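Q: One structure coming up, written as structure tokens, with questions to follow.
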Amino acid sequence: MVLRKRIPRQLLKHKGRFISLIFLIFLGSMTLTMLNMVVTNLQGSFDWLTEVGKADDIRVWTLNEPSNLESLGKILNADVEARTAVDAKWQDDITLRVFEVNYSVDQPVILDGNALQRDSDILLDPAFAAMQKLAIGDTIELAGRTFWISGYMALPDYIYPTHFETDLVTDPASFGVAVVTKRAIMQLVSDAPAEDWTVDRSYGIRFHPGFALNQETTENQSQTIYQDLKDRFKDRYGLVRWLERKDNIRINMVKSEIAGQKAMSKSLPVAIFMINIVLLASVLWRMIRMEFQLIGTLRAQGLSKMEVLRHYLTLPLTLAVIGGISGTLGGIGVARPFLVYYTQFFALPLKQAQYDPLIILSGTLIPVLLLGLTATYVVMRAVKLPPKTLMRGFRRKPKAMFIERLFRFHNLKFAMKFRARQMVRSAGKLFGAAIGVAFASMMMLTGFLMSDSYSSFMGDGLSDIFQYEKNYVFKTEQSINRYDGEQYQMLAARTLDKGYAILIEGLPENSQLLKLTDKSGQTIDLKPGSKACIITRVLADKMKIGPGDVISFINDIDDEIHYIRISGVAEIYTLSTVFIPLDEFNRRFDRPKDSFIGLYSIQTHHIPSEDLLLTEDMNDLLTSLDSYTNLMRISLLSIGFFASLMALVILYILFSLLIDENGKTIALLKILGYETREIRTLMLRIFDAPFLIGFILGIPMLFNFYGALMAQSFQEINMTMPLYLSTKNIVSGFAILYITYVLTRNISGRKILKIDMTDVLKSIGE
Amino acid sequence: MLELTDVSRIYPSGESQFYALNHIDLTIPDGEFVVILGPSGSGKSTLLNLIGGIDQPDTGTILVNKVDVAKMSDRMLTRYRRHNLGFVFQFNNLIPDLTVRENIEVTAHLSSSAGKPLQLLDRVGLIDKADKFPHQLSGGEQQRVSIARAIVKRPSMLLCDEPTGALDFKSSLSVLQLLEEINQQDKTTVLIVTHNAAIAAMADRVIRMRSGEFTEITQNSVKARADEVEW
Ligand SMILES: Nc1ncnc2c1ncn2[C@@H]1O[C@H](COP(=O)(O)OP(=O)(O)OP(=O)(O)O)[C@@H](O)[C@H]1O
Ligand SMILES: [Mg+2]
């Protein structure tokens, strides 16, 4: 059909508009493909690592070595394997946690290179190796011994290799994990300089298939089995710690990130495609309206509705296919670096990236389908009319009159009146602009929201609360304090309701090193002998409880159920902890009067490492947080860039439609002697209000969206992050978007210059 | 005073050039009533557009009170149109979603010395239609509104391209009467482009065109009144 020749001409005539549309489709399709690929691949390698690496169900620490692990395993229907770990100071500030290789529980999975063959071989976690510039084949020196790096590995219980469990972020600059042979670890233990190095021995338990106890259905069953098992360890070997897989933060961090990405992979492309649909519909409807007479003529000449429809669908489908295919390819392209980044960050195996055909297909088909349906709807609105109606041309319903009566325009000044009329006419476009800007402002402010929230949360948030430099946790309860600092008591427990793992901590009165403050910043005091009971914000939010409620839990030591009435909530966002006065702790749990398990200190003590379960260094934590926020800032900057690009494209399409539709009026105003600047003010500034409204609307939308997203992704970990956005950054976000807006307005304003005045005189008005 | 010297407007046409206006000379004193006649495609609108500063010539000068319109920048042209000219077109080109009164305000807004829109509407006999929208008016009424719009800012020259082209006889007559009155009472120079030879009787001067050239320029010694014109 000759008609087809019009399509390339139409594309060329409005190329800016169509390129913008293609770009938006590209963006939607790219985010769809990329996020879905990242999520499925991450989930896939996570599951694979858990399976192949034989992740433990439980890991326990005891005072005495369990005698016969094999027979214990038989009784339990599980594999039980002991694992020694040495925290080696590789360099001054760099700790390498060296594990003994295990084969039946928490086996290291080789990501690259070879498994251990000789006692001088060592496997490293890839993020640490990358950060320290260590390659396979290089050597490292530990306790005077030389180790050859034979490969990179991932440990299924150390997917997110944080130094301490309370750490929020990994820091490969100062901490890494490694695996050596059983013989090598024994040598390391014997060579270890007692002062700095700590040695740790734990037992991993992995139930045989069929006894996998993490499914919902066997929840109760597993509780009883676990309880029996725990009692056994307690009675026979002296239980020090008990960590179930579902409470392992080094795994949950990853699950949480995957959950967050999953939520993002649904909402972001949906939002972009929605905007696409609205814009395509407006552009297409504009085209169709101009061609009412042509459509009528074609129909009168005997073309069927289907044939006309097919003609008008060619253009939108071409756009959708170009945008969809390039977006899918782009998505596949960027998914890989993202995956590489994530898998390094989390020490997950990046096997061959899986190109799920369904994801790839949907990257193209979804935009084609969505836009095809939208286009069909728009075209059919015209095509379904009888030819003789169409031949009369498009008639706008005079909706102006109704609104006229409502608002009494004629009392306004002329320019106001003109703009008011224009706004009524362009209501749809204004709405589209408001939504588009709201979305762009959400994207733009995301960066600021994250960095503000993180810095308030980590900067002041953390260092105000955690005032200590060192946190020493002893293996056994102490009674005489030989070191300076604040002593505290602590035990692990599980809430009766929902079975959350929590910590109960006994703190001295008016602790200076761990400061409990309430919402208004007031210090909360734990008076000795009082019934004070303070829970953290995380716990309060997670369990939806507050002052006056009773929290009930089973503690790990005596297995008794305890009930305590909550007296306050401390604004701590990283721990699920119940704080009570130290003396009350010892009384309640039948501990000797002045006993304690840990010590907060502002100075370094030389405590024999065999006495310590762990040592936590606050400075390490703060520096690693710093490097993490810096890293994040870069990626957020690019989101901001995309946001303004999107705003630019959306506004550009709307402006160009507006100018197009009002071409005659604009030409007329020019003939009458209006200056371009005046026309721009009259015509284009009608978007000022929707722009402002859109931006302002974006702020609560942003908080709602991220509130929900955080709730979803933090479910797994003991953390919440209060969302905070500083005024300064709102203003910056506004300024950047506003500049984008003015820029787009001025670029579009140039179109006004190009409108030919003589054209308008030749034909009848629209 | 309007003086055109050696004015051409050239469009490329394949290899050669097409002269829509071919080296035209013309002088029109202030206050004249001029009618330009000629067949379709002879260059009438082109001439009017050049005088009106919405198109620019390829050769020659167009002096309006000794200032060359052909050499003006866009900005100066805008100011020229704004302060000196009124336009009336064949298709009235009112803005459809502004009321009659607002359509006049569009130009009144441009000049501080402009008349009151309602007075103008009274003058063209449409005071009772002030708050109607253009599509609620007849073609003749619409054309009278567009004349009111053109003269509200008191231009020194009124350019009319086929002002009666889309109207029946009776409506045409009321439009012509209005133009005559403007010419005589306000001393406004009026240029009318038309197919309709009958209108020539009203003019001080009649210019006949063909293929971009003037074939004949006649000075009427006796002018007919608008209500005497008939066809
Ligand atoms: N943009 C253009 N490109 C090429 N040629 C043009 C253009 N505009 C006008 N012309 C040509 O210039 C000539 C004069 O056109 P003009 O519009 O002045 O005629 P006219 O006398 O007003 O005719 P009508 O009575 O039909 O309005 C015509 O032959 C036309 O084809
Ligand atoms: Mg003409």
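Q: Being at pLDDT 90 or above and touching a Gly at 6+ places or on another chain (Cβ under 9 Å) narrows it down to one of A:T318, A:T328, so name that one.
A: On the way: A:T318 fails: touching a Gly at 6+ places or on another chain (Cβ under 9 Å).
One residue alone meets the criteria, A:T328.
Q: I'm trying to understand the selection: among the residues of segment B:49-71, which are facing another protein chain (nearest Cβ under 8 Å) and part of a helix (DSSP H, G or I)?
A: Going residue by residue through segment B:49-71, those that are facing another protein chain (nearest Cβ under 8 Å) are B:49, B:52, B:54-55.
B:N49, the sole residue that qualifies.
Q: Given (1) within 16 Å of ligand 1 (Cβ to nearest atom); (2) surrounded by 21 or more Cβ atoms within 10 Å (Cβ to Cβ), where does B:S40 come up short, assuming only one miss?
A: So the condition that B:S40 fails would be (2).
Q: Now a separate question. Hey, does segment B:149-166 have a residue that's touching a residue at least 24 places away in the same chain (Cβ under 8 Å), away from every other protein chain (no Cβ under 14 Å), part of a helix (DSSP H, G or I) and more than 16 Å from ligand 2 (Cβ to nearest atom)? If you could, list the steps in order and put the result at the bottom.
A: In the first step, residues of segment B:149-166 are kept if they are touching a residue at least 24 places away in the same chain (Cβ under 8 Å); the result is B:149-166.
Applying the additional criterion that residues be away from every other protein chain (no Cβ under 14 Å) yields B:164.
Within this subset, residues satisfying the condition of being part of a helix (DSSP H, G or I) are none.
No, every residue in segment B:149-166 fails to be touching a residue at least 24 places away in the same chain (Cβ under 8 Å), away from every other protein chain (no Cβ under 14 Å), part of a helix (DSSP H, G or I) and more than 16 Å from ligand 2 (Cβ to nearest atom).
Q: Taking the conditions exactly as written (touching a Gly at 6+ places or on another chain (Cβ under 6 Å) and surrounded by 21 or more Cβ atoms within 10 Å (Cβ to Cβ)), does B:M202 satisfy them or not?
A: Details: touching a Gly at 6+ places or on another chain (Cβ under 6 Å): no; surrounded by 21 or more Cβ atoms within 10 Å (Cβ to Cβ): yes.
Judged against the criteria, B:M202 is not a match.
Q: If you take the residues in segment B:156-175 that are at pLDDT 90 or above and more than 16 Å from ligand 1 (Cβ to nearest atom), which one is surrounded by the fewest Cβ atoms within 10 Å (Cβ to Cβ)?
A: My answer is B:S156.
Q: Let me ask something additional. If the requirement is being free of Cβ contacts under 8 Å to residues at least 60 places away in the same chain, surrounded by 16 or more Cβ atoms within 10 Å (Cβ to Cβ) and not assigned by TED's automatic domain parsing to the domain that holds A:M253, which of these qualifies: A:A173, A:A127, A:A115, A:A143? Write out each step before concluding.
A: Values: A:A173 fails: free of Cβ contacts under 8 Å to residues at least 60 places away in the same chain; A:A127 fails: free of Cβ contacts under 8 Å to residues at least 60 places away in the same chain; A:A115 fails: surrounded by 16 or more Cβ atoms within 10 Å (Cβ to Cβ).
Exactly one of A:A173, A:A127, A:A115, A:A143 is free of Cβ contacts under 8 Å to residues at least 60 places away in the same chain, surrounded by 16 or more Cβ atoms within 10 Å (Cβ to Cβ) and not assigned by TED's automatic domain parsing to the domain that holds A:M253, namely A:A143.
Q: Of the residues that make up segment B:1-12, is at least one part of a loop (DSSP other than H, G, I, E, B), more than 13 Å from ligand 1 (Cβ to nearest atom) and among the hydrophobic types (A, V, I, L, M, F, W, C)? Working first, answer last.
A: The first filter runs over segment B:1-12 and keeps only residues part of a loop (DSSP other than H, G, I, E, B), leaving B:1.
Now drop any that are not more than 13 Å from ligand 1 (Cβ to nearest atom), which leaves B:1.
Within this subset, residues satisfying the condition of being among the hydrophobic types (A, V, I, L, M, F, W, C) are B:1.
Among the residues of segment B:1-12, at least one is part of a loop (DSSP other than H, G, I, E, B), more than 13 Å from ligand 1 (Cβ to nearest atom) and among the hydrophobic types (A, V, I, L, M, F, W, C), which makes the answer yes.
Q: Can you tell me how many residues within segment A:734-766 are at pLDDT 90 or above and either within 16 Å of ligand 1 (Cβ to nearest atom) or not assigned by TED's automatic domain parsing to the domain that holds A:L697 (or both)?
A: 0
Q: If I filter segment B:2-29 down to residues being small (G, A, S) and more than 16 Å from ligand 2 (Cβ to nearest atom), which single residue comes out as surrounded by the most Cβ atoms within 10 Å (Cβ to Cβ)? Lay out the reasoning, then the answer.
A: Of all residues in segment B:2-29, those small (G, A, S) come to B:8, B:13-14, B:16, B:20.
If we keep only those that are more than 16 Å from ligand 2 (Cβ to nearest atom) as well, we get B:8, B:13-14, B:16.
Working: B:S8: 17, B:S13: 9, B:G14: 6, B:S16: 7.
Selected residue: B:S8.
Q: Applying the selection to segment B:168-213, what residues are among the polar types (S, T, N, Q) and either in a strand (DSSP E or B) or within 16 Å of ligand 2 (Cβ to nearest atom) (or both)? So that I can check it myself, show each step before the final result.
A: Within segment B:168-213, the subset among the polar types (S, T, N, Q) is B:171-172, B:174, B:177, B:183-185, B:188-189, B:194, B:196, B:211.
Residues satisfying the conditions are B:T189, B:T194, B:N196, B:S211.
Q: Given the structure, is A:T162 β-branched (V, I, T), under 21 Å from A:D93 (Cβ atoms) and surrounded by fewer than 17 Cβ atoms within 10 Å (Cβ to Cβ)?
A: Values: β-branched (V, I, T): yes; under 21 Å from A:D93 (Cβ atoms): yes; surrounded by fewer than 17 Cβ atoms within 10 Å (Cβ to Cβ): no.
No.
Q: Mind checking which residues of segment A:6-30 are farther than 16 Å from A:K751 by Cα and among the charged types (D, E, K, R)?
A: Once the filter is applied, which keeps residues that are farther than 16 Å from A:K751 by Cα and among the charged types (D, E, K, R), segment A:6-30 yields A:R6, A:R9.
Q: Something else about it: Specify which of the listed residues (A:K262, A:K255, A:K266) is without any contact (Cβ under 8 Å) to a residue 12 or more places away in the chain, in the same structural domain as A:P386 (by TED's automatic domain parsing), under 16 Å from the mean Cα position of the chain (by Cα) and over 30 Å from A:G663 (Cβ atoms). Working first, answer last.
A: Numbers: A:K262 fails: without any contact (Cβ under 8 Å) to a residue 12 or more places away in the chain; A:K255 fails: without any contact (Cβ under 8 Å) to a residue 12 or more places away in the chain.
None of the other options fit; the residue is A:K266.
Q: A further question on this structure: Could you check how many residues of segment A:488-534 are in a strand (DSSP E or B) and closer than 25 Å to A:K593 by Cβ? Steps first, please.
A: Taking segment A:488-534 and keeping what is in a strand (DSSP E or B), we get A:488-495, A:501-507, A:514, A:517, A:523, A:534.
Filter once more, keeping what is closer than 25 Å to A:K593 by Cβ: A:488-493, A:502-507, A:514, A:534.
Looking only at that region, the number is 14.
Q: Same structure again: Can we say A:L313 is in contact with a Phe, Trp or Tyr (Cβ under 7 Å, 6 or more places away or on another chain) and modelled with pLDDT of 85 or more? Write out each step before concluding.
A: Values: in contact with a Phe, Trp or Tyr (Cβ under 7 Å, 6 or more places away or on another chain): no; modelled with pLDDT of 85 or more: yes.
Answer is no for this residue.
Q: Among residues belonging to segment A:563-608 that are of a type in the set (F, W, Y) and not in a strand (DSSP E or B), point out the one that is surrounded by the fewest Cβ atoms within 10 Å (Cβ to Cβ). It would help to see each step written out before you state the result.
A: Let us first name the residues in segment A:563-608 that are of a type in the set (F, W, Y), namely A:563, A:573, A:579, A:585, A:589, A:596, A:600.
Narrowing further to those that are not in a strand (DSSP E or B): A:573, A:585, A:589.
Numbers: A:Y573: 22, A:F585: 24, A:F589: 19.
Within segment A:563-608, the match that is surrounded by the fewest Cβ atoms within 10 Å (Cβ to Cβ) is A:F589.
Q: Does any residue of segment B:69-92 turn out to be in contact with a strand residue (DSSP E or B) (Cβ under 6 Å, 6 or more places away or on another chain) and over 30 Å from B:S171 (Cβ atoms)?
A: Yes, segment B:69-92 has at least one match.
Q: What helices (runs of 4 or more DSSP H) lie completely within segment B:72-146 and have 1 or more residues being facing another protein chain (nearest Cβ under 8 Å)?
A: B:74-84, B:100-108
Q: Kindly indicate the residue of segment B:13-35 that is among the hydrophobic types (A, V, I, L, M, F, W, C) and more than 9 Å from ligand 1 (Cβ to nearest atom) and also farthest from the chain's Cα centre (by Cα) among those meeting that condition. First the steps, then the outcome.
A: Of segment B:13-35, the ones among the hydrophobic types (A, V, I, L, M, F, W, C) are B:18, B:20-21, B:24, B:26, B:28, B:33-35.
Filter once more, so that each one left must be more than 9 Å from ligand 1 (Cβ to nearest atom): B:24, B:26, B:28, B:33-35.
On the way: B:I24: 19, B:L26: 16, B:I28: 14, B:F33: 11, B:V34: 10, B:V35: 10 Å.
So the residue we want is B:I24.
Q: To continue, here is another question. Would you confirm whether or not segment A:519-531 contains a residue that is surrounded by 15 or more Cβ atoms within 10 Å (Cβ to Cβ) and within 32 Å of the chain's Cα centre (by Cα)?
A: No: segment A:519-531 contains no residue that is surrounded by 15 or more Cβ atoms within 10 Å (Cβ to Cβ) and within 32 Å of the chain's Cα centre (by Cα).
Q: Continuing with the same structure: Inspect all residues belonging to segment A:441-454 and state whether any of them is away from every other protein chain (no Cβ under 14 Å) and under 20 Å from A:L657 (Cα atoms).
A: Restricting attention to segment A:441-454, the residues satisfying the condition of being away from every other protein chain (no Cβ under 14 Å) are A:441-454.
Right, trim to under 20 Å from A:L657 (Cα atoms) and you get none.
There is no residue in segment A:441-454 that is away from every other protein chain (no Cβ under 14 Å) and under 20 Å from A:L657 (Cα atoms).
The values are calculated or read from the model by the stated rules, or taken from the named source; none is laboratory data. Note that the structure is predicted; figures quoted are calculated from it, not measured. All Cβ positions, even for glycine, are placed from backbone atoms using ideal geometry, and neighbour counts span all protein chains on display.
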